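Asks: My questions will all concern the structure given below.
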Amino acid sequence: CTCICRRKPAQSRRSLRKAALSMSKTADTPAQSKSASFALYDWDLATLITEMKTLYENVQVTVQNYKESASLDMHKAAVKELETECSLEGFWDDQEQAQRKLEKLNSHKNILARFKNWEQALDDSLTVLELIKETSNASNENEAAVAKASATLTQEEFELATEAFESLQKVSKDLEKYELQELLKGPYDMKSCVLYITA
């Protein structure tokens, strides 16, 4: 499966940096992020870029595949319908039924929010990769270009790159969790079970 990412027109380095700062909304707290990034700081820039590009491409393809099978339009329609029902007078007259509808509403919203977070992480990572590419002023990625980028990349920009890589790692783990949840979403899969083993 090949997913084509639509790139935005070339931006100035300042605007790219400003866009990349939006990652702070989904990043860990400063103390946590700094601690988690120490291992990545030991990498040279070439390794970081290579690993980040590979992970980006894998995550992008996986998200696109799940997006095609997740029927997001159905979830959006369900949210709209349930929100309308929740706003009706007498909704809470039957509290058990109301509670079930609220649980369904939250379930649909959580799925939509999950995909939104995945796509935001992809957008942030692409912005950082474009920032590094613009810093190197190279159309082709090679050792010379990476070395030049390493010499001119600021500490802030390198931190943005490590944060973007960590964000992609989290998305990759969440995608594995999502796959398992999709396999176990039957009506009885959340129930407890008793397992007997006989010799």
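Asks: Identify the residue in the range 66-87 that is open to solvent by 60 Å² or more (accessible area, probe 1.4 Å) and touching a residue at least 12 places away in the same chain (Cβ under 8 Å) and, among all such residues, is farthest from ASP123 (Cα to Cα).
Replies: If we take residues in the range 66-87 being open to solvent by 60 Å² or more (accessible area, probe 1.4 Å) and touching a residue at least 12 places away in the same chain (Cβ under 8 Å), then GLU83 is farthest from ASP123 (Cα to Cα).
Asks: Kindly state which helices (runs of 4 or more DSSP H) lie completely within the range 9-95 and contain at least 2 residues that are over 27 Å from ILE111 (Cβ atoms) and at pLDDT below 50.
Replies: Filter on the range 9-95 gives 13-20, 30-41.
Asks: On to the next question. Taking the range 88-110, which residues are under 22 Å from LEU72 (Cβ atoms) and open to solvent by 40 Å² or more (accessible area, probe 1.4 Å)?
Replies: Passing the criteria: LYS101, LEU102, GLU103, LYS104, ASN106, SER107, LYS109, ASN110.
Asks: Okay, next question. If only one of GLU119, GLU130, GLU134, GLU159 is in a helix (DSSP H, G or I) and at pLDDT 90 or above, which one is it?
Replies: When all the criteria are applied, what remains is GLU119.
The values are calculated or read from the model by the stated rules, or taken from the named source; none is laboratory data. Keep in mind that this is a model prediction, so the values were computed, not measured. Neighbour counts are summed over all protein chains in view; Cβ atoms, including those assigned to glycine, are modelled from backbone coordinates with ideal geometry. Ligands, DNA and RNA are stripped out before the accessible areas are found, and what is left, the full protein with its side chains, is counted by its heavy atoms. Shrake-Rupley method; radii C 1.70, N 1.55, O 1.52, S 1.80 Å.
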